[in-house]
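Please read the structure below before turning to the comments.
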Amino acid sequence: MNTATTQDPFRCGYIAIVGRPNVGKSTLMNQLIGAKVSITSRKAQTTRHRITGIQTLDDAQFIYVDTPGFQTRHSNALNKTLNKTVTNTLISADVILFLVEAGTFGPADQQVVDLLPSDVPVVLVINKSDRVKDKAALMPFAQEVSSKHNFAAIVPVSAKLRFQLDALQGEIKRFLPENEAVFGPDDITDRSEKFLASEIVREKLFRLVGDELPYTSTVLIEQFEQEGDLRRIFAAILVERDTHKSMVIGNKGARLKEVSTQSRLDMEKLFGGPVYLEIWVKVKSGWADNEAGLRAYGYE
Ligand SMILES: Nc1nc2c(ncn2[C@@H]2O[C@H](COP(=O)(O)OP(=O)(O)OP(=O)(O)O)[C@@H](O)[C@H]2O)c(=O)[nH]1
Ligand SMILES: [Mg+2]
């Protein structure tokens, strides 16, 4: 814990986390705030919404905003919506974290650089540095990427191993404006438990069902009730076709059971109490094809 003195004005601001898909944006946010509010997986398009993660210290409040990976194909309604979420988040940021993967900078990264405003401090975060055996190779890579934009700071990190996250936090804090706290000291997100529950089930779906399951599968919480400590949650996994339904259910229901068990354990950890969870699989096609369908499933 930092000890605030009267010389230290309180700082509070919004920190946008942007980058191409799969660079580790959500992993980084969760590690920075010390709680898992944003889902992660090795598949691209894991994050589909703007997700806030809050950390409050004695002298500062960090309001991180995790965003979907910027999609290079803009052709369908879902991708357009995801990219709009990224650009809208950039508009209201006090600080921007631009993430790249150590050793890799391609056209998909450049497209995100092209979105960066020139009047907001941008920290270049070189993630997954644990994967680079020869640390000396990070220097020329950092130099190459730093020529693409006028970055306020450059920090190599490993979100997964928590390497250099304190250094990153220190850099961010320097750029936070002097402001009162926006959220309470114990808040970790502005998202509802119902929303977080649907995201947890979607994460297990992404992680436990094979790559053949189309990205248009989604999760809807049909009922969320609290009785004392116990949360009763009824969720529906929506898939495009009957064949996808059997993929999710698995042999004798084994896969759905695993999705359900792992989801429940994560929910109990995040909500801090017992959860009763029932999950059904339903066929519903075409929801991601148009804006009305997207809005119906909570896309902004
Ligand atoms: N080795 C290593 N893997 C990491 C690190 N950070 C994240 N990953 C892995 O990278 C994959 C993607 O992580 P996410 O946090 O979901 O990435 P994202 O940028 O949020 O992805 P989208 O939301 O799909 O854009 C996961 O398998 C993570 O475990 C890291 O520092 N080192
Ligand atoms: Mg993500």
Within the stretch 113-124, identify whether any single residue is over 29 Å from PRO177 (Cβ atoms) and either within 15 Å of ligand 1 (Cβ to nearest atom) or not assigned by TED's automatic domain parsing to the domain that holds TYR215 (or both), and answer yes or no. no
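Okay, residues lined up against (1) in the same structural domain as LYS25 (by TED's automatic domain parsing); (2) over 24 Å from THR40 (Cα atoms); (3) more than 16 Å from ligand 1 (Cβ to nearest atom):
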position	(1), (2), (3)
VAL155	yes, no, no
GLN164	yes, no, no
LEU168	yes, no, no
VAL209	no, no, no
SER217	no, no, no
LEU220	no, no, yes
ASP229	no, yes, yes
ILE233	no, no, yes
Taking the stated definitions as given, is GLY69 more than 16 Å from ligand 1 (Cβ to nearest atom) and surrounded by 16 or more Cβ atoms within 10 Å (Cβ to Cβ)? no
Elements of type helices (runs of 4 or more DSSP H) in the stretch 107-226, at least 1 residues being within 18 Å of the chain's Cα centre (by Cα): 107-113, 165-175, 193-208
Based on this model, can you work out whether GLN45 counts as surrounded by fewer than 21 Cβ atoms within 10 Å (Cβ to Cβ) and more than 11 Å from ligand 2 (Cβ to nearest atom)? no
Condition set near ligand 2 (Cβ under 10 Å from one of its atoms) and open to solvent by 10 Å² or more (accessible area, probe 1.4 Å), scope the stretch 12-24, selection nearest to LEU97 (Cα to Cα): answer is GLY24
Residue check: is ALA77 of a type in the set (Gly, Ala, Ser) and open to solvent by 10 Å² or more (accessible area, probe 1.4 Å)? yes
Does ILE54 satisfy being more than 13 Å from ligand 1 (Cβ to nearest atom) and touching a helix residue (DSSP H, G or I) at 6+ places or on another chain (Cβ under 8 Å)? yes
Taking the stretch 156-183 as the search range and keeping residues that are open to solvent by less than 30 Å² (accessible area, probe 1.4 Å) and closer than 23 Å to ARG50 by Cβ, which one is nearest to ligand 2 (Cβ to nearest atom)? ALA159
Answer yes if at least one residue in the stretch 241-251 is over 19 Å from LYS284 (Cα atoms), buried (at least 19 other Cβ atoms within 10 Å of the Cβ) and over 21 Å from the mean Cα position of the chain (by Cα), and no otherwise. no
I'm told ILE188 meets every condition in (1) within 30 Å of GLU268 (Cβ to Cβ); (2) surrounded by fewer than 16 Cβ atoms within 10 Å (Cβ to Cβ); (3) not small (Gly, Ala, Ser) except one. Can you identify the failing condition by its number? (2)
Scope the stretch 204-232; condition surrounded by 16 or more Cβ atoms within 10 Å (Cβ to Cβ) and within 20 Å of LYS269 (Cβ to Cβ); matching residues: LYS204, LEU205, PHE206, ARG207, LEU208, VAL219, ILE221, PHE224, ARG231
Quick one: ILE96 ticks every box in (1) out of contact with any His (no Cβ under 9 Å at 6 or more places or on another chain); (2) within 23 Å of GLU291 (Cα to Cα) bar one, so which box is it? (2)
ALA136 - would you say it is of a type outside the set (Ser, Thr, Tyr) and closer than 21 Å to THR27 by Cβ? no
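Picking from ILE54, ILE91, which residue would you name as being away from ligand 2 (no atom under 16 Å from the Cβ) and open to solvent by less than 10 Å² (accessible area, probe 1.4 Å)?
ILE54
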Flag if GLU180 is touching a residue at least 24 places away in the same chain (Cβ under 8 Å) and in contact with a Phe, Trp or Tyr (Cβ under 8 Å, 6 or more places away or on another chain): yes
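The values are calculated or read from the model by the stated rules, or taken from the named source; none is laboratory data. Small disclaimer: the values here were computed from a predicted structure and weren't measured. For neighbour counting, all protein chains shown are included, and Cβ atoms are generated from backbone atoms with ideal geometry for every residue, glycine included. The accessibility values were calculated without ligands, DNA or RNA, using every heavy atom of the protein model including side chains. Shrake-Rupley method; radii C 1.70, N 1.55, O 1.52, S 1.80 Å.
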